[in-house]
Amino acid sequence: MSAERIQKVLARAGLASRRASETILQEGRVRINGRVVTELGSRADPSKDKIEVDGRRIMAEPFVYLVLHKPRLVVSTVHDPEGRATVRQLVAGVPERIHPIGRLDFHTSGTLLLTNDGEFTQGLLHPRCEVPKVYVVKVQGCPTDAELEQWRRGVQLEGEKTAPCRVRRIRDEDRKTWLEVTLTEGKNQQIRRMGDATGFPVMRLARLSFAGVTSEGLRPGSWRMLTADELRQLKETYGVPRRVYSQKSSAAVPSAKIQASKGTRKRSPSRTSRPR
């Protein structure tokens, strides 16, 4: 492992957030190989150097990468000030300090990746990578091919045009239409806003895959570790993660029990799948 900034090492060890770790460093509470260090630019290699905070040896967490089938009515955050159920509660059995890679809105279900590898997160979210995100969408109305072409070419949203995307009609039924939409950018609630802007409000939205990784076979709220093959493919395509190794297990893990969000009915969301 190469040398890293001390605040990054402390955050990855689960001691505190990156910002709080900077404060700990500046307060003179950190020692590297017995020497007090206070400079924010200080670096150390957790595999070689002895790093201590308040006299306690710090060991960096191993990187973990997992995929969750996010249910509806759950927020894609670690904490929620409104007291709603969070994705972190669903993976409560993971001891590492993980966070979601991007977000799915409250009413959207499907594939969501989580990790404690900040470089991995940045690599997949950077606009230059144009990581594909595939959704199945149910809209109100029956758009013509010409109207769907407007989605493909880009829709004006608050003065800014969306990037071109792929749209495939799956089927029409009773004045409603099922579509498969592939985005390579991540504007806030982009598909819902595209639907509203073109007169076809979104009735149901689920993400099928992110960067080629799917939650297929996982029930809502369940998760699994990414396989070594999936990590190798991500590294080949996007350059992350830096190292590929087999994780503890790629078997599906049921979600932890959480209370229903305030103001919502307690029910089990339907599985994310392609409509037939």
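The eigenvalues of the Cα gyration tensor, multiplied by 5 and square-rooted, give segment 4-57 an equivalent ellipsoid with semi-axes of 14, 12, 10 Å from largest to smallest. The alpha-carbon of residue 48 sits under 12 angstrom from the alpha-carbons of these aspartates and glutamates, leaving out residues fewer than 8 places away in its chain: 4. If you build a Gaussian network model of the chain, linking Cα atoms that sit under 10 Å apart, which residue out of 168, 57, 97 swings the most? Of the options given, 57 has the highest mean-square fluctuation.
Scanning residues 5 or more positions from residue 4 or on other chains, those with amide H under 5 Å from its amide H are 44, 45, with H placed 1.01 Å from N in the peptide plane.
The GluC sites (Glu not before Pro) found in segment 150-232 that occupy coil by DSSP, while having at most 14 further C-beta atoms within 10 Å, are 158, 185, 216.
Seen from residue 43, the other residues with C-beta closer than 10 Å to its C-beta sum to a net charge of -2, counting Lys and Arg as +1 and Asp and Glu as -1. The equivalent ellipsoid that matches the C-alpha gyration tensor of the chain spans semi-axes of 39, 20, 18 angstrom, in descending order.
Per residue of the chain, the DSSP helices (runs of n ≥ 4 H) give a summed -39500 (n - 2.57) that works out to -5500 deg cm²/dmol at 222 nm. Taking a ≥ b ≥ c as the square roots of the eigenvalues of the alpha-carbon gyration tensor, segment 26-89 is classed prolate because a/c is 1.5 or more and a/b outweighs b/c. Values of log10 I(q)/I(0) for segment 132-210 across q = 0.12, 0.18 Å⁻¹ run -0.27, -0.64, by the Debye formula with one identical scatterer at each alpha carbon and no solvent.
On the principal axes of its alpha carbon atoms, segment 18-169 extends 70, 31, 27 Å, with the longest extent given first.
Before anything else, pin down the relative contact order of segment 21-122: Cα pairs under 8 Å, at least 6 apart, normalised by residue count, whole percent. Before the final figure, lay out each step's value.
Working: 156 pairs, mean separation 23.1, N = 102.
In percent, rounded to a whole number, it is 23.
Can you grab the distance from the C-alpha centre of segment 46-110 to the C-alpha centre of segment 8-30, Å, no decimals? A separation of 17 Å, based on Cα centres.
Rule-based calculations on the coordinates, nothing more; no lab input. Model, not experiment: these values are computed from the prediction. Here the Cβ is made from the backbone with ideal geometry for all residues, glycine too, and neighbour counts use every protein chain on show.
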